[in-house]
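Q: Below are the structure tokens for one structure; questions will follow.
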Amino acid sequence: MNKLLLLASLLLYLYLITLPQESIVNAQSTKNIPVLELRYFPLVNGRLDPNKTGMNLTYNEIKSKVDRMRDEASVVLREGSRYHGYKTPTAVPSLDYTVVETKEFLVPVPRSNNQIPWNPGWYRPDYYQILSDLNICDYVENRGIKQVWMWGYHWGDIEPAESNMAGPYGDISNSEKIPDMPVCSKTYVLYNYNYARETPEAVHDHMHQFEVVLGYMDYTLFWANFVRPYGSPTQVNACGWTHIAPNTTVSGDYYSSTSLQTDCEDWRPDRTGTVQTANCTLWGCTEIGFYQWWMQNHPGKNNGLTYQGKLLRNWWDATYDIDEFLRIGRSLVVPDPTTPTPTPPNFIIPTNVQFIDHLQRTESKPFDASLGTGSWSIFSNLNTGFFTATFNPVTIGSYKLYFWNVDRPEDYTIDFYRSGSLVQTIQDQNGLANLVPASENPAILVKAYSLNSQKSIDEIRFTINKYRNDGSSGTGQINFIEFALYSNVTTPTSTPIVPTRTPTPTSVLPTATRTPTATPTRTPTRTPTPTPVTPGDTNGDGDVDLSDLTTLLTDFGKSGSTLPGDVDGDGDVDLTDLTTLLTNFGR
């Protein structure tokens, strides 16, 4: 027996020494991200439908292009996670990416009713429908999927989100952060690429997601230290960000020959690293070269850096498994052992809510910020009625407030009205002044609120009482305020509500080589269900059960004729219909 063990050990040793040394290290330490890939190729006569996609490539041409872009992006992302890989050839990637399954659909991308807040008339894809049809939680919880790579187009009235997230800690992504994806017990991220563009734009999506996550973990260390300053002729510049390299202030100028001082290649939190005079030759004067160089300067595996006496973590671990990263601590440094285990945010809008609508105001409101940087002031010219929105009556229970500005409100009031009468007042004296930005743009802030009960309202009035000036002295302005309204719907059981929809068709042409499965055909439109016999029987099958409740929740807040969820036939799907259905539930 000992001889057999010795022989086996010798054979294993001989096998290992024949492998490249880096392959052995990679196998031991590089973390792999399993990816589910989705492709939408709406075809007419074997070509992309130009009316849907703006392109006229053949099926084989677009398939080959997506294959190439996917493979190129995977390499850049993997190589980008090699800490100082441009000068350390033996550096091991922190991450690798494996597409474990590809699903291909020869139909248009399903469109949601979620209008882009800053781009009226354009809508997000229906991520909830797409991912629910695929039973995404099975992929995430049972098959290990961490990311979804979705290939589509930015054309017509469809505008994809560069990145999106769902999970126990909410939506930490480069999106408007509404509950538009199924929430599973583990976090997953969706990247929605535009195949009319090229590989750099696909990597660009990931860059912004890195920024959002790292800024969420430690805004000061990442944005104020690793990113800034950039483009300064009088300071030592840091590393810049997705849009701007360290030697310029011009967005997208990855080709600038301007030479400025930077310590990015030896970046340290205390800014004592070696300073060099550099320009775009550091990254080859290409967009993709800058992206990879920028990523390779992120503190990665065995970086050995310290900040305020603590070791920096491998920042790529936050991208690999954000749940585990947050479980250890919401920090880019190794947390103190006594630091309590983080829990998900105090308030997350429930995942079974009915999204109602966006209310927004984009008119700029200038004000006097002459008190200077960091000072506080009472508004004299921004008062009651700064934001007033009236609309058809809706029943809401929670909402998110988006505030895009150059200066942050410290104290504001939100009044809800119905038919001219005050329903509820919320005064936020903590405001948005110290809130961590919600995206890579430090000016975009989001807060979520829950009302003390469901409220029927038809007007919102937003008043700013006090603000903090984060900019220089002079005149500032507030550019954008938006409310996203939700109706909080409860269920009679603890079973999560997952809307059921008719499945999506798969390709009738040869599918991608990585596509092992097909999916059934989706009916383009829903056929009105028969008039129910038992109040609450929305589908007319004789039973009042979960499928009827799901139908009603899908229609909740809508008005019109022949709505299946309109149980009492008054033209509105509201609380009376829900009450009736719940009364008859189980009959």
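The values are calculated or read from the model by the stated rules, or taken from the named source; none is laboratory data. No experiment lies behind these values; they were computed from the predicted model shown. FYI the Cβ positions are ideal-geometry reconstructions off the backbone, even for glycines, and counts take in every protein chain you see. To get the accessible areas, we keep the full protein, side chains included, count just its heavy atoms, and leave off ligands, DNA and RNA. Shrake-Rupley method; radii C 1.70, N 1.55, O 1.52, S 1.80 Å.
Q: Using a 1.4 Å probe on the protein heavy atoms only, what accessible surface does Tyr86 show? Give it in Å² to the nearest 10.
A: It works out to around 80 Å².
Q: OK, next. By its C-alpha gyration tensor, with a ≥ b ≥ c as the square roots of the eigenvalues, how is region 57-162 shaped: rounded for a/c under 1.5, else prolate for a/b larger than b/c, else oblate?
A: Prolate, because a/c is 1.5 or more and a/b exceeds b/c.
Q: How many nm is it between the label spots at Ser232 and Val423, if each spot is 7 Å from the Cα in line with the beta carbon?
A: Label at Ser232, label at Val423, 4.8 nm between them.
Q: Going by Cα centres, region 45-79 and region 106-135 are how many Å apart?
A: 20 Å
Q: Something else: I want to check the label-to-label distance for Arg327 and Gln261. Put each point 7 Å from Cα in the C-beta direction and report it in nm to one decimal.
A: Inter-label distance under the simple model: 4.5 nm.
Q: Something else now. Could you pull out every one of the aspartates and glutamates with an alpha carbon less than 20 Å from that of Lys103, ignoring same-chain neighbours closer than 8 positions?
A: Within the straight-line cut-off, Lys103 pairs with Glu37, Asp49, Glu61, Asp67, Asp71, Glu72, Asp126, Asp133, Asp138, Glu141, Glu162.
Q: In this model, which of Lys186/Lys310; Lys87/Lys146; Lys63/Lys301; Lys87/Lys186; Lys146/Lys455 are farther than 32 Å apart at the alpha-carbon?
A: With Cα atoms farther than 32 Å apart: Lys63/Lys301; Lys87/Lys186; Lys146/Lys455.
Q: Still on this model: Whose amide H sits under 5 Å from the amide H of Thr248, counting only residues 5 or more places off or on another chain, with H placed in the peptide plane?
A: HN-HN under 5 Å from Thr248: Gly231.
Q: What is the Cα convex hull volume of region 47-98 when expressed per residue in Å³?
A: Given the Cα convex hull of region 47-98, per-residue volume reads 101 Å³.
Q: Follow-up. Of the peptides 320-331, 111-122, 288-299, how do they stack up when ordered by the mean number of other Cβ atoms within 10 Å, highest first?
A: The most tightly packed comes first, giving 288-299, 320-331, 111-122.
Q: Thr249 to Asn119: FRET efficiency via 1/(1 + (r/R0)^6), r the Cβ-Cβ distance, R0 30 Å, to the nearest 0.05?
A: E between Thr249 and Asn119, to the nearest 0.05, is 0.75.
Q: Looking at the square roots a ≥ b ≥ c of the eigenvalues of the Cα gyration tensor of region 137-238, which shape do they give, rounded for a/c under 1.5, prolate if a/b is larger than b/c, or oblate?
A: It comes out oblate by the Cα gyration axes.
Q: Place +1 on the Cβ of every Lys and Arg and -1 on the Cβ of every Asp and Glu in region 150-195, take the dipole about the Cα centre, and give the residue among Tyr193, Trp151, Gly167 whose Cα lies farthest towards its positive end.
A: Gly167
Q: Please report, in debye to the nearest 20, how large the charge dipole of region 73-210 is about its Cα centre when each Lys and Arg carries +1 at its beta carbon and each Asp and Glu carries -1 there. Spell out each step's value before the answer.
A: Values: 11 positive and 17 negative charges, 86 e Å.
So the magnitude is around 420 debye.
Q: Right, something else. Given the whole protein assembly as supplied and a 1.4 Å probe, what does the accessible area of Thr249 come to in Å², nearest 10?
A: The accessible area of Thr249 comes to roughly 90 Å².
Q: Need the full-extension length gain, Asn135 to Glu72, defined as separation in residues times 0.36 nm minus the C-alpha distance. One decimal, nm.
A: Residue separation times 0.36 nm, minus the Cα-Cα distance, leaves 19.8 nm.
Q: Place a +1 charge on the Cβ of each Lys and Arg in region 179-263 and a -1 charge on the Cβ of each Asp and Glu, then give the dipole magnitude about the Cα centre in debye, rounded to the nearest 20.
A: With only Lys, Arg, Asp and Glu charged at Cβ, the dipole is about 100 debye.
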